Structures are given as structure tokens and as C-alpha cells.
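Chemist: This is the structure I want to talk about, given as C-alpha cells.
The values are calculated or read from the model by the stated rules, or taken from the named source; none is laboratory data. Computed from a predicted model, the values in this text were never measured in an experiment. Cβ coordinates were reconstructed from backbone atoms using ideal geometry, including for glycine residues, and neighbour counts include every protein chain displayed. These area figures cover heavy atoms from the full protein model, side chains too; ligands, DNA and RNA do not enter into them. Shrake-Rupley method; radii C 1.70, N 1.55, O 1.52, S 1.80 Å.
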Amino acid sequence: MPTITTSDGVDIFFKDWGTGQPIVFSHGWPLSADDWDTQMLFFLQHGYRVVAHDRRGHGRSAQVADGHDMDHYADDLAAVVEHLDLHDAVHIGHSTGGGEVARYLARHGEGRAAKAVLISAVPPLMVKTEANPGGLPKEVFDDLQAQLAASRSEFYRALPSGPFYGFNRPGVESSEAIIENWWRQGMMGGAKAHYDGIVAFSQTDFTEDLKKITVPVLVMHGDDDQIVPYADSGPLSAKLLPNGTLKTYSGYPHGAFTTHADVINPDLLEFIRS
């Protein structure tokens, strides 16, 4: 398996297919690079080089005990980009991966980047604070950790079966294959990484990161996202970004790039080509 070893000794798995302008994908919690397979094949067929890695503690990367925070996530992404010597890259991040992309661009600079896309992403800040009154109460995320600790397998079955893909909405047809693939990816990773990752994606404030990003950024978000609520994420991120554009999808769920790839993929291609 292709891997790199970070400066703190963590083996990170990555996929690197094709040639041309690179598109780098950062996956959501608690999944893996496999979550982007549909997008990677789509862009490969359109002449792009596609790269995706498994975050530390996720997928096929090392299940280390520490470093499950946004700074390490960003540094690991930087290590992949530098190892592959990528330039003029388009960074696409979903959910937690959107936070990873924002922190990477703010922390490591935009010298190797051309554009970015944040899909159903966690910035600016998920948890409710005095400065972020529209956020979710900390108890919501404490409960996620409790469910993970009690029975990760059951928890990872319930989440994609319901709110992640909107399969709990009236009239929405569920997909057993999508649910099982989510469960498979989740169970490949490490429980400690996923437990700590809940704190990372919910309590990290990306406000200052977003303000620093000057490359064009497309913010894509469904207004029926039950995981990262729309009103306190997508519109706020687009306003903070100096060169941000918001694209809102009526009725789309958190995992819309899977359930509605036929719409999302062409929209991504249009933005990248523009």
C-alpha cells in the first residue's frame, strides 16, 4: 500500500491516480479515502490527477493514540501534498475534511493551492458558545462519544441508516449498500481516533482560518443537513472567506455527494474549470 511517514512517525495511506491538475480530497469523520471513489473516478475520466488519503487513525492509516486534532490533520495533509510535490491543487473537503482543508490552507499557506471546496463542512464552529449562539450544545457531541464508546458497531450502523444520508426523511429511499459501505469504512478505523475526532470537529474554531484563505472557495451545503446544520455553517463560512461562494442545495442531506453525485460532480467540475 502506498504510504508516507509523517514527521512524528505516523504512516498515512494515500491513493494517487492519473495525471494533470491535482484534486486532493479530504474525507469526513469517521470514514476513509474510499468515500470519494465516485468523485475520484469521475475526475480521473475528465483528465485530472486525483489524490485522497486516510486521516491518521482512519481507514488504512496507523491507529495511533495521539494527534487527533486539526493541527495534526492539517500537517498530515501537508505531508502528503509535499511528498507528491503537488502544485496548483484543488482541495475538496467534506465535513471534518472541510475543517482539515481550511486549517491546512491557513496553517501551511496557499503556495501549492489553486482553489478549494468545502462540502457540508464543519467550519466555522459547530459547538454552541457565547460567540457562536447558533451552534449545537456540547451535550450533543458528548452523547456521540458515549454512543461510540458503548457500541461503535451499532452506532456506525444507525448514523448512515438515518440522518447522515437523510434516509430517515419521509419518501427518501434508503440504500443498504451505501449504509454498509459507511459502516465498513468506519469500522476500519480506530476507536480512539474516532472518539477524539468528535472533539476535534466540534470544538475547533475555524473563524480565523477562513479569514486567511484568499484562493477561490466554493461552499456547498444542503439545507436539510442533519449532521452539520446549514444555518450555522455554510452561509457563515462563505461570509468569512474573502473569496467564497455559497451554493445551497434544497433538501440535500449531509452525505449529498454520495446520494446526489449526479448533481454534485458536474457542479464541482464547473467550479474547477471556471
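Chemist: Kindly list the number of the only condition in (1) farther than 22 Å from residue 47 by Cα; (2) touching a residue at least 24 places away in the same chain (Cβ under 8 Å); (3) part of a helix (DSSP H, G or I) that fails for residue 80.
Modeler: With (1) farther than 22 Å from residue 47 by Cα; (2) touching a residue at least 24 places away in the same chain (Cβ under 8 Å); (3) part of a helix (DSSP H, G or I) applied to residue 80, the lone miss is (1).
Chemist: Before we move on, is residue 184 open to solvent by 40 Å² or more (accessible area, probe 1.4 Å), in contact with a Phe, Trp or Tyr (Cβ under 6 Å, 6 or more places away or on another chain) and farther than 22 Å from residue 252 by Cβ?
Modeler: no
Chemist: Among the residues of the stretch 110-120, count how many are farther than 14 Å from residue 244 by Cα and either open to solvent by less than 30 Å² (accessible area, probe 1.4 Å) or hydroxyl-bearing (Ser, Thr, Tyr) (or both).
Modeler: The qualifying residues number 2.
Chemist: If I filter the stretch 153-170 down to residues being outside any helix (DSSP H, G or I) and among the small types (Gly, Ala, Ser), which single residue comes out as surrounded by the fewest Cβ atoms within 10 Å (Cβ to Cβ)?
Modeler: In this case the residue turns out to be 162.
Chemist: Pairs only if they're at least six apart or on different chains, beta carbon under 6 angstrom, first in the stretch 219-248 and in contact (Cβ under 8 Å) with a residue 40 or more places away in the chain, second open to solvent by less than 50 Å² (accessible area, probe 1.4 Å) and in a strand (DSSP E or B); list them, first residue then second.
Modeler: 219/118; 219/244; 220/119; 222/249; 234/219; 234/221; 237/219
Chemist: With the checklist (1) assigned to a loop (DSSP other than H, G, I, E, B); (2) of a type in the set (D, E, K, R); (3) crowded, with 22+ Cβ neighbours inside 10 Å in hand, flag the one item residue 173 doesn't pass.
Modeler: (3)
Chemist: Here's a follow-up. Looking at this structure, is residue 254 under 17 Å from the mean Cα position of the chain (by Cα) and over 30 Å from residue 64 (Cα atoms)?
Modeler: Criteria not met by residue 254.
For every residue, the table says whether it meets (1) within 24 Å of residue 103 (Cα to Cα); (2) touching a helix residue (DSSP H, G or I) at 6+ places or on another chain (Cβ under 9 Å); (3) assigned to a loop (DSSP other than H, G, I, E, B).
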site	(1), (2), (3)
117	yes, yes, no
124	yes, yes, yes
132	yes, yes, yes
139	no, no, no
